[in-house]
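Input: a single structure, listed below in structure tokens.
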Amino acid sequence: MRLALALIGGALALSTPKLYAQEGERFDCSQAKNPKACEERRDKMRAERAQAEKACEGRSGAEHRDCMLREMCAQQKDPKACEERVAKMKDTARSARAACEGKPGAEHDQCMMKEMCAQAKDAARCEAEGQAALARRARIREACKDKRGEELRACIREQRGGK
């Protein structure tokens, strides 16, 4: 389930980069053509996310997720189009989960990525980014495998590059 959510997030990131580009690894300005503009955009997105977090404070689970999507889309130039992209990605994820049901572990992860990327505009790019995400996830798992609780969370943050 967590992988499915990660793949949904990845696919959403591909379809709506301005909406989901808060993660440091996904929004790396070091190789951008205009690093200063990239950093300004990243800072603006972080501020938008902080504002959405504040508006959704006190909610949890699906209610928090839905609130965050609503708040983040409300800040876009075309909120209706944003909400339609999110709904489309949810449908894509639902069909991918159905197609990959019953496959174990890594095979399930690969299946989910292929199913999600099959409907992307640039399937090759989507799969390449998906493979990179799976590799990052495996690296983090290996580095943090013996840790639990707060120590595990700290390890994951450290491996992701801090947050």
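Annotations
- A crude spin-label estimate for the pair Ala81 and Glu57, with each label 7 Å from Cα along the Cβ direction, gives 3.3 nm.
- Cross-link table Lys33/Lys80; Lys54/Lys80; Lys90/Lys121; Lys54/Lys88; Lys54/Lys77, entries beyond 24 Å C-alpha to C-alpha: Lys33/Lys80; Lys54/Lys88
- Summed residue charge, Cβ within 10 Å of Cys100's Cβ, Lys/Arg positive, Asp/Glu negative: -1
- Calculated log₁₀ intensity ratio I(q)/I(0) where the Debye formula runs over C-alpha points of segment 88-163, q = 0.23 Å⁻¹: -1.00
- Centre separation in Å (Cα based) which lies between segment 72-89 and segment 90-163: 23
- Fraction of accessible area attributable to carbon and sulfur, segment 91-131 (%, probe 1.4 Å): 50
- Accessible area per residue for segment 46-148, computed on protein heavy atoms with a 1.4 Å probe, is 66 Å².
- With all protein chains in place and ligands, DNA and RNA left out, the 1.4 Å accessible area ranks Asp146, Asp43 as Asp146, Asp43, largest first.
The values are calculated or read from the model by the stated rules, or taken from the named source; none is laboratory data. Small disclaimer: the values here were computed from a predicted structure and weren't measured. FYI the Cβ positions are ideal-geometry reconstructions off the backbone, even for glycines, and counts take in every protein chain you see. Accessible surface is based on the protein model in full, side chains and every heavy atom, while ligands, DNA and RNA are left aside. Shrake-Rupley method; radii C 1.70, N 1.55, O 1.52, S 1.80 Å.
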